[in-house]
1. Given the structure, is residue A:61 open to solvent by 30 Å² or more (accessible area, probe 1.4 Å), over 30 Å from residue B:113 (Cβ atoms), more than 14 Å from chain B (Cβ to nearest Cβ) and over 16 Å from the mean Cα position of the chain (by Cα)?
2. Which one is modelled with the lowest pLDDT, of the residues in the stretch B:43-60 that are farther than 13 Å from residue B:94 by Cα and not in a helix (DSSP H, G or I)?
3. List pairs: first residue in the stretch B:120-132 and more than 12 Å from residue B:81 (Cβ to Cβ), second residue at pLDDT 75 or above and hydroxyl-bearing (Ser, Thr, Tyr) anywhere in the structure, Cβ distance under 6 angstrom, at least six positions apart or on different chains.
4. Determine, yes or no, whether residue A:60 is at pLDDT 90 or above and within 16 Å of residue A:109 (Cβ to Cβ).
Amino acid sequence: MEKKRTAKGDILLIAGIAAAGIIIAAAVLLFSPHGSEVVVRVDGTEKHRLPLTVDTRMVINGRGGSNTLVISSGEAWIEDADCPDGLCIKTGRISRRGQSIICLPHRVTVEIDEGSGGNNHSSSADIDVVAG
Amino acid sequence: MKRNGSAAKKAAVYGMLAAMAIVLSWLESQIPAFFAFPGMKLGLTNIVVLIALYKLGPKSAMGLNILRIAAVSLLFGGFSAFLYSLAGGMLSSVIMILLKKTGRFGIVAVSIAGGVSHNIGQIIVAMIVMNTAAIGWYIAVLWFSGLASGALIGLLGSLLVRRLPDSLFRGGLRDAG
């Protein structure tokens, strides 16, 4: 019945959705501010809170294994891990607020936070975007 | 239009679709945490919504979706899960119904739009519930995961819509209009 319809509309719609997604990703990348703290959680509970400005290297003991976290020149990444997939290493370096590295096998997450001063993100608004 | 015995058939067909949706929800919840991001889903139940939308009409699709979300939340989830699914499900249903109504798009494209809008609906609720600024990454990631899963589900759904016999849905079952 609807065989007459050409694929043109479909292609336009899908391309539009993909383009919007790319724009959103780019906007997030450009506008999300750098964080100032690295929060390490194991099984959802906070284990460490480290400043992103101080270079460190530490071993996180997760469930059934460990991950080596490195903080250097304002970026955080997992350098080494004994998990089977090594996804956390492949995730690469993070520095922007809300970015995270997840090691599912060890139940470890490393997240960039805006820093102490509380959970209230509206407190120190040195951001040029109204993020709602 | 004959409507003899259609009430029983209606109950049977709707019941079958609702059961299918619930089973698919369960199946999806059994898939191990392969998706690293919370909220990233395959959206298997959207197959049923697509079938309902294309075989029965928008009202039925919407109704089945609400029923499915309520049942699944009662069975497997809590209240917050209900809120998330409801927001995602309603937004994606409305978007898909509107897109289908234009008659310009095929099932796959409609399903992709549904997948993305489902995730966006969830994020909107998450923004309200969690009051967090770090949600931008979520939007970007879930936008594309919605696109991918929507495409997959759309392909599966279009196969089913094409192959399920229309006789199954005949007899006053379709939405009026």
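1. So residue A:61 passes the test.
2. Checking each candidate, the answer is B:43.
3. B:123/B:138
4. When the stated conditions are applied, residue A:60 passes them.
Each row is one residue, and each column tells you yes or no for (1) over 12 Å from the mean Cα position of the chain (by Cα); (2) among the small types (Gly, Ala, Ser).
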{"site": "B:15", "(1), (2)": "yes, yes"}
{"site": "B:22", "(1), (2)": "no, no"}
{"site": "B:44", "(1), (2)": "no, no"}
{"site": "B:62", "(1), (2)": "no, no"}
{"site": "B:74", "(1), (2)": "yes, no"}
{"site": "B:102", "(1), (2)": "yes, no"}
{"site": "B:111", "(1), (2)": "no, yes"}
{"site": "B:121", "(1), (2)": "yes, yes"}
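Table: residues versus (1) among the hydrophobic types (A, V, I, L, M, F, W, C); (2) more than 7 Å from every other protein chain (Cβ to nearest Cβ); (3) open to solvent by 30 Å² or more (accessible area, probe 1.4 Å); (4) under 24 Å from residue B:48 (Cβ atoms).
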{"residue": "B:106", "(1), (2), (3), (4)": "no, no, no, yes"}
{"residue": "B:121", "(1), (2), (3), (4)": "no, yes, no, yes"}
{"residue": "B:136", "(1), (2), (3), (4)": "no, no, no, no"}
{"residue": "B:143", "(1), (2), (3), (4)": "yes, no, yes, yes"}
{"residue": "B:149", "(1), (2), (3), (4)": "no, yes, no, yes"}
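The values are calculated or read from the model by the stated rules, or taken from the named source; none is laboratory data. Quantities reported herein were computed from a predicted structural model and do not represent experimental measurements. Using ideal geometry, Cβ is built from the backbone for each residue, glycine included, and neighbour counts are taken over all protein chains shown. Surface areas here come from the heavy atoms of the whole protein model, side chains and all, with no ligands, DNA or RNA. Shrake-Rupley method; radii C 1.70, N 1.55, O 1.52, S 1.80 Å.
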